[in-house]
Structures are given as C-alpha cells and as structure tokens.
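Rule-based calculations on the coordinates, nothing more; no lab input. These numbers were taken from a predicted model, which means no experiment stands behind them. Glycine gets a Cβ as well: all are built from the backbone with ideal geometry, and neighbour counts include every protein chain shown.
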Amino acid sequence: MGSLKELLVLGLLSMLGHCRSCGEGLKIEDNVCVDMDECNDTPGPCGKHTKCFNTYGSFYCQCLPGYKNIKLQVNFTLDGQCQDVNECTDTINVCDHAAYCTNLIGNYTCTCHSGYTKNSSARGKCTDIDECKEANMEEDLCGVKGTCTNSNGSYWCNCSNGYTNYGNTKTSCSPLDCDHFNGDGGPASSLGGLADILSMMRSSCLALSNPSADSEVKTDGETLLEKLLTAAEAILSPDHIDSSEEVSGLLATMEEAIMLIGPQLKDNHTKKETTETEAAIAVQRGTTPPTGPIHLTNENATLDTDWTTASGIESYPGFALAALLSYKNLEISVNRSFESIKGPKKDGVNPSFQISSRVVSVVVSNPSTQNLDRPVNITLRHLQDTEESAEVRYICAYWNKKGTWSTDGFYQQHSNATHTVCTSKHLSSFAVLMALYPIEHTFGLQVVTKIGLTISLLCLILCILTFKFCRCIQGTRTTIHLHLCICLFIADLFFLAGISQTKPVGGCRFVAAMLHFFFMGVFAWMLLEGVQLYRMVVLVFNASIRPLYLYLTGYGTPLVIVIISAIIRPHGYGTAQHCWLSLEKGLIWSFYGPVCFIIFLNVFFFIVTVWKLAQKFTSLNPDLSQLHKIRAFTVTAIAQMCILGLMWVFGAFLFQEGSTVLAYIFTILNSLQGALVFIMHCLLSKQVREEYAHFLSCICTPQKKRYSDFTSTNPSSSQSQGSRSGQHTGESQI
C-alpha cells in the first residue's frame, strides 16, 4: 500500500510541473526557468548600425559609434532605429582650423589644407609644412634664381633681377628678356603706333623683371591686354601697313606681347574683342604641367590642341599658355607676297592667289613650336562661302620669317564652302588662300584677243598713215585722231607682246608702266576729242586748239599720273599673273579714277553734241530726204560713241558679271577698237575714200599725172579741194 501511495504522489507532482509557465524572456530547461538570449536569434532583434546586449529575461540595443537614436537623439535605443551622426556639424571644432571636415557613414575624417600635414598625436589637428626646408624643394619651387620664404600654410618666391614669376608668388622664377620690345630700328619700328606698343610692353617687362621697380608701372594682365588691343587698332586700320616687313614686325610684336601678358591674367580663360582684333587666351598654373584638351574659338577661327603640346617637354615654368589672336582687317595688307607658294598647276597654268580668311596667330608657352610632337588643328572661316571647284581651291598657308606666305609643313587639310581645317605641326600666323585657276575658255579668249589685236594693229597703221598724209582732212580733229591712234597702237602692241611676260620682274614692271601710260594717253586724247566736238558745236568759228595744249594734255597728263603712281606704289606695277597694275592698295584707281572722270565728261560732250547736231539737221535744206537726215545723224552718233570710248564703259559692266559670253563680247569689242576707228573715220569718210581711190588709181595707172601735178598746175582744183577740206574737217563748219 505504501508503495502505491508514493506512486500516486509522484504522478501528481509530475502533472503539476507540466502546467507551470516561465516569465517573458525565460524558457524551461529541466523543469527550471532559464534566461533566453534573444541576441543570438536570426534575424537579430536590433536594427542596422546597432549592437545587441542580452539581459536576464530581456535585452537592449545600443547604437554603434557615430550613430544615434532617431527619436531620442541618444546613443541608446530599444527598437534599433539608429542613424548616422554628422560630426562635422554636430560637434564643435571636431577638426582643426587648417583642415576641413568630411562626414562619413558612422564616422568622419579631417583633411588638412594645402601647406599643412596631419598631426599624428591628435586627431583632426594639422601642422604647417615648411616647403622651403624640404630637400631641394626651394630650387624646385622657386627656380635657381628665386628665394623661397615660408609662411603659415604657404610660401612665396622672391625673384632676382631679370627673372619673374608674373605676379604669382607660388610660381618659379623664369628668365625674362625685355630686348624683344626694343624695336631695333627695323622697318617695323617705323610703323605708326607700333613704337607705342613696344614702349608700353618694355616698361611692363622691366617692371616684372625688377622687383624693386616703381609699383605704379606695374599693371594687371587684364588692363595690359586691353591697352595692347586698343593700341593695335590704329595700326591695323586698312591701308596703314605698306610692306611685308611691317607685317612681320607687327605679328612678332603681338605674339611676344601675348606671351608676356598671358601669365599675368587672373582667370583661366579670357576673351577680349575690339574693332580690329579678337583674342582668346587660356592659362593653367600649378606645380606640375597640366593635361587635357584645349579648345579656343572666336567668330573667325577655332584652335584645337592639348596642354601637353602647349606646355612642351622642356623645363616647366609653373604655367602653360595657349592663345588665339584674330585680325579682322589684316588680310587687306597681306593679300600679296605669294612668291614662296608653288600651287598645283592645272593644264600647265599656275593659279593666282588671294586671301580667303582672316589672319590668325596661335601662341603657346612651348618654346619649341617649329616641330611639335602632336599636330594642332586650326579651323578658319572663309570670307565668302564658295565651294571648291575646278576653278577654286583652298590652301592653308602661314606667314614665314621671309615675310611671305608659305604652304610647307601642313599635315593635312579639309575644306567645305564655309570653313577650312588646317592641321599643322608648327605654329605661326595662318590664313586660308584661295587658288584661282583660269576658266576653261582661257585659250579661246586668248585666240580671240590675239586675232582681234592683230586686225586692230593693221587698221591703226592705216589710220595713222591716213591722218598723217591725207592733206584734205588736216586740222585739229585729225591731229587728235592721229595721236589717239598712235597711243592705241603702242598700247595694243605692248599688250599683245608683253602682258603675260611676268619674268623678269623689271621687264614686267616696264610693260605695266607703258600700258598704264599709253592707255591713259588714249583716254586723254578721247577727252580732247570730246572737247573739240563741243567747241565746234558751241563756237563754230575759230574752234581749233593750239598743238602745244593738245600735247600737254594728251601726253603730259598721263605722264604725271604714271610718275606719281610709280613713286607712291612702285611695287604695284606688274603682278604674278599679268604685267598690269596690282589690285592691292587702290593702285588700280590711278587708272580707273581718271578714266571714269574722262568718260563722265565725254558723256556730257556727247549729249550736247548730239543735241546740237539734231538742231542743225532740222535746219538743213528742206529738199533733203528724211532718210538722209536719219542716216547722217546715226553715223555721226555711232562715230562719236566709238571715239569717246563708251564701249569701255559697256565692257566694264560686262566684266563685272563674270559670264563667259560677256567676257567674249568685252574682248572682241576692245580688241577691235582700232578696226572700228578705221571704219568710222576712214572708210565712212567720203573725202578719205576719194583719196584712197585716187592713190590706188595712181598705183594702177602710173602713166597718169600724180596728184601733186594737179595741185601744182591747176590752182582752181587746189582751191576746190581746200574748200571741201574746210567743209569736212569741221574747223569752221559742221
């Protein structure tokens, strides 16, 4: 029984144990409540950026260093919601004054300013670096002629005389040669306004190279650049530069000035523009050479290169410079000097050249710019939009030391209607040349010109003989016709024989001068023809002009014009294509100006003459048929127009159009002018035809008496001839 009672008690106790429960955070092990470690659960009970701590029957979460509870703004949290603490803003003086703070996720870092280094004994503290005491640092920082002085967090360089750091105290001292701005008394130094630029730049150069110089002389780079471009305006005005030596001197001076001004500029990129120039300058400074691309542009040009090319591989002066300088009107002064260019021939004919873009100068701090390791691209905009064709080709050129344009050294080029890209391995002043090839019909025009001039020369010989020896038409008008034909004959002869003989240069200039003189003589005698017609119509009686006045006007005036033109523009006579006046610098107006004036006067004389003749025709014998009146009026008007050279006006208008058909018409009319003079004043003259018939009859029938026999034996006949002469020459009658 006892045993059974014990068993019942034990079973009851066992049932009571299974019904027992432990508190929260505890668990039963061996019928005993023990602590539950919640921190070992997966996933853990705490959030990110926390650490879990177990307690008996519970746990708690603590934010990691650098984090805090979102709600309570403390380091302790129950729900594990922690966020980063920004020590840089929440903590005062977390970093030293010589450092700047950077917040990190759960942390921060202090970075010392330039010139300071971290203090290993205290976090966030920085100490000054004495750059001048570093091994070989002084020479590396300030150069061999610079003295380094340390300062708190920095240093500066003091340069010896003759050296400069261009106002940047952290730049090494570089030698500065101010002799570039002496001028040396060459042709360029006499160029108006250039002496002022040289003086200004020399003063600035000396102030930079002498630290003890007067501070008032020193100016900042921006002001100096503005003064340079302003002073250049007067020099770059059109027709101010007369020679290639002056162009070379100006370009060299401007490049040297940009090299002096560029390192003094404060900004890394500077652009200045005036009415004559436009400058774009890029500067990079630092202890190591810069790298990366360079892109400078303005309205007329673009430069593409890189800083490695701009700074070079030689000793680095602490800065690198690249500049693009564009001249807006300089192409007018340099639209010549093409002797060094040997353009590709077409059908055996050399092309003619003219400037087709603005002139630009490229300046870099690299002292070796004649053979660059990498080519540079210069994109130039054309002055006129024209596609390349059989007659037009674009060529990249640079201004060489000889003062001429050259095409050597270009790596490649590409052109369209508006731009040309020039790729070169050397730097200088650049422009695009337009190579103009003769049109396809040149051979035909030459043939027409030679045939027409040959016929004209033969006719002029007949005119000269007729006006000289035909007694029945002698008078003032005949004298004018005679010398007009002589001038036109000699001018056509020089044109036919020497217009294309460009070599030697002296011979070509002589041909151009003779053409200028005799063609001016033609127009001078044409003016006298108009004056004589006017006097005949207005004065009627005593309308003759003394021969001395005729010769002074017909030969003296052209001679004076040619002499003055030759003195002012001696190199304007003869071009690379033709032995004629150059189109540059307005020399051609020494011909066009007087011609336009003469034509204007002759148009007036022509109108008055025709008007007066029309009045006289209406007062003729009423029995004269109307047809005879019209014929006489028309013939007189056409003869007047031919002699006064109105066809030259017509030809000038045709030449402006540029049409091939019009060019043929112009060539034919002008090359046959001698033939027209012969027809109008010889063949259409009844007296002259009678003299021709009488002369031919004397040759064909020599047994008859000569004309001189009739004039000597028959006084009445002589008087009759004299009467007819007075009627037809118009000395006293029309």
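Taking amide H as placed 1.01 Å from N in the peptide plane, THR575 has its amide H under 5 Å from the amide H of TRP580, each at least 5 places away in sequence or on another chain. Given a Förster distance of 56 angstrom, what is the FRET efficiency for ARG374 paired with LEU559, based on the Cβ-Cβ distance and rounded to 0.05? Once rounded, the FRET efficiency stands at 0.40. For LEU465 and ALA417, the FRET efficiency from 1/(1 + (r/R0)^6), where r spans their Cβ atoms and R0 equals 51 Å, is about 0.35.
Simple point charges give the picture: +1 on the Cβ of Lys and Arg, -1 on the Cβ of Asp and Glu, and for segment 377-485 a dipole about the Cα centre of about 680 debye. Legend: calculated FRET efficiency, VAL392 to LYS503, from the Cβ-Cβ distance at R0 = 25 Å, rounded to 0.05, equals 0.45. Legend: residue pairs LYS468/LYS503; LYS133/LYS266; LYS266/LYS402; LYS133/LYS227; LYS118/LYS170, Cα-Cα distance threshold 31 Å; pairs beyond threshold, LYS468/LYS503; LYS266/LYS402; LYS133/LYS227.
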